[in-house]
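Asker: One structure, pasted below without further comment.
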Amino acid sequence: MPEGPSLVILKEATARFVGQTIVEAGGNVRAIDPARLVGQPIVSLRTWGKHFLIELPTMVVRIHFLLFGTYRVDERRDKPPRLFLRMADGGEINFYACAIREIDVDLDAQYDWSADVMSDCWDPKRARKKLRAQPDMLACDALLDQDIFSGVGNIIKNEVLFRIRVHPESKVGALPAPKLRALVDEARQYSFDFLGWKKEYVLKQHWLAHAKTTCPRCHIPFKKAHLGRSNRRSFFCERCQKRYE
């Protein structure tokens, strides 16, 4: 599943389409009529967490990549896309296994840009305030809460908790102030590390916890479990990742 950094890469890869006119659109999407997109110029391409936003003069198309969404720029997969856009310069974007809908053109009224870990508007103080307001939330759920950490997915969750030595079932309200600050700071820092490694095609080489079997610090087996209300996979060490309750 694309996490926030992957969508930043998508935005960079499609930047040349801004200002270009969509000359053809289609796919098996039902929520919008692709014919409405044809003839419209792309005003901007923006991201918020795992949302890719295509701003046109009369509408905004939101692509939400969910758990299994993918995209291709100037190439295609061997299956029909949910939506494809072909541009005046001959380039194209193809979206697969994602949710697509039209949203209001006033994006600033709909999105809290300060919650996006990849945004210049990211506000760590506001993130900490949101966390303190939910003291019973588990750390593994907090990092996946898109209202707090927009763009953070399961890989970043596991890696951040391992970096800061916090057990995924720790309660947010029980975290000492330095650990709460570390949780917030590392969510952003790791996201930018993720971005750099993914651009270099070495992301998996840098995983320390996610999908791993042995703790590189303690050299004992990792625990693997589906935890929290999100029920997503967690990989953690019971020796060096402290549980705060």
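Asker: Positive end of the charge dipole of the chain (Lys, Arg +1 and Asp, Glu -1 on Cβ, about the Cα centre): tell me which of P41, H64, Q241 has its Cα farthest that way.
Answerer: Q241
Asker: Further question on the same structure: Please give the solvent-accessible surface of R77 in Å², to the nearest 10, using a probe radius of 1.4 Å with every protein chain present.
Answerer: R77 exposes around 80 Å² with every protein chain in place.
Asker: K199: which lysines have alpha carbons under 18 Å from its alpha carbon, excluding same-chain residues fewer than 8 sequence positions away?
Answerer: The reachable lysines, counting only those whose Cα sits under 18 Å from K199, are K11, K50.
Asker: Angle check, please: helix 177-199 long axis (alpha carbons) against the longest principal axis of the chain (alpha carbons), in degrees 0 to 90, nearest 10.
Answerer: The angle comes out near 40 degrees.
Asker: Extension gain R86-A31, at 0.36 nm per residue separation less the Cα-Cα distance, in nm? Could the numbers behind the result be given before it?
Answerer: Values: separation 55, 0.36 × 55 = 19.80 nm, distance 1.90 nm.
That pair, R86 and A31, stretches by 17.9 nm at full extension.
Asker: Just to be sure I understand the model, the point goes 7 Å from the Cα along the line to the Cβ. What's the resulting Y244 to R72 distance in nm?
Answerer: Result for the modelled spin labels: 4.5 nm.
Asker: Tell me which residues come under 5 Å, amide H to amide H, from K242 once H is placed; ignore anything under 5 positions away on its chain.
Answerer: Distant-sequence amide H within range of K242: V166, H167.
Asker: Read phi for every residue in segment 36-52 and hand back ³J(HN,Hα) as whole Hz from Karplus 6.51 cos²θ - 1.76 cosθ + 1.60, θ = phi - 60°, with x for Gly and Pro.
Answerer: Taking θ as phi minus 60°, the curve returns 5, 7, 5, x, 9, x, 7, 7, 7, 10, 10, 10, 9, x, 9, 9, 10 Hz for segment 36-52.
Asker: May I ask which residue of Q146, V105, G90 lies farthest towards the positive end of the charge dipole of segment 81-155, with charges of +1 (Lys, Arg) and -1 (Asp, Glu) on Cβ and the Cα centre as origin?
Answerer: Of the options given, the answer is Q146.
Asker: Assuming R0 = 51 Å, can you tell me the calculated FRET efficiency for the pair R165 and D108, based on Cβ-Cβ distance, to the nearest 0.05? Spell out each step's value before the answer.
Answerer: Details: r = 38 Å, r/R0 = 0.74.
Plugging the Cβ-Cβ distance into 1/(1 + (r/R0)^6) gives 0.85.
Asker: Please calculate how many Å² of accessible area the chain carries per residue, with a 1.4 Å probe and no DNA, RNA or ligand atoms counted.
Answerer: Working: 11540 Å² over 245 residues.
Result: 47 Å² per residue.
Asker: Magnitude of the Cβ-charge dipole of the chain, K/R +1 and D/E -1, about the Cα centre, nearest 20 debye?
Answerer: Its charge dipole is roughly 1220 debye.
Asker: Further, regarding this structure: Suppose every Lys and Arg Cβ carries +1 and every Asp and Glu Cβ carries -1, with no other charges. What dipole size does segment 103-145 come out with about its Cα centre, to the nearest 20 debye? Show your work: numbers first, answer last.
Answerer: Working: 6 positive and 10 negative charges, 87 e Å.
In total the dipole reaches around 420 debye.
Asker: Roughly what % antiparallel, to the nearest 5, for the DSSP beta bridges in the chain?
Answerer: Details: 35 of 37 bridges.
Bridges in the chain that DSSP calls antiparallel: roughly 95 percent.
Asker: Shifting gears a bit: Scaled to the compact-protein estimate 2.2 N^0.38 Å, what is the alpha-carbon radius of gyration of the chain, rounded to two decimal places? Before the final figure, lay out the partial values.
Answerer: Working: Rg = 19.4 Å, N = 245, 2.2 N^0.38 = 17.8 Å.
Normalised Cα radius of gyration, the chain: 1.09.
Asker: Counting only protein heavy atoms, what percent of the accessible surface of the chain is carbon or sulfur at a 1.4 Å probe? Don't jump to the answer; show the numbers that get you there.
Answerer: Numbers: 5580 of 11540 Å².
Carbon with sulfur: 48 percent of the solvent-accessible area.
Asker: Residues of segment 206-238 with amide nitrogen under 17 Å from the 7 Å Cα-to-Cβ point of D136?
Answerer: So the set is 228-230.
Asker: On to the next question. Under 20 Å Cα to Cα from K130, which aspartates and glutamates show up? Leave out anything in the same chain fewer than 8 places away.
Answerer: Filter leaves D108, D112, D116, D120, D141, D145, D147, E169, D185, E186, E245.
Asker: Using the Cα centre as the reference, give the magnitude of the dipole from point charges on the C-beta atoms of segment 180-245 (Lys, Arg: +1; Asp, Glu: -1; all else neutral), rounded to the nearest 20 debye. Intermediate results must be reported in sequence, preceding the final value.
Answerer: Details: 15 positive and 6 negative charges, 49 e Å.
My answer is approximately 240 debye.
Asker: Sticking with the crude label model, points 7 Å out along Cα→Cβ, report the distance from E55 to K199 in nm, one decimal please.
Answerer: For the pair E55/K199, the computed spacing is 2.3 nm.
The values are calculated or read from the model by the stated rules, or taken from the named source; none is laboratory data. Only a predicted model underlies this, so the values are computations on that prediction, with no experimental measurement involved. When we count neighbours, we look across all protein chains shown, and the Cβ atoms used for this are built from the backbone with ideal geometry, even at glycine. Remember, those area values only see protein heavy atoms, side chains included, never the ligands or the DNA or RNA. Shrake-Rupley method; radii C 1.70, N 1.55, O 1.52, S 1.80 Å.
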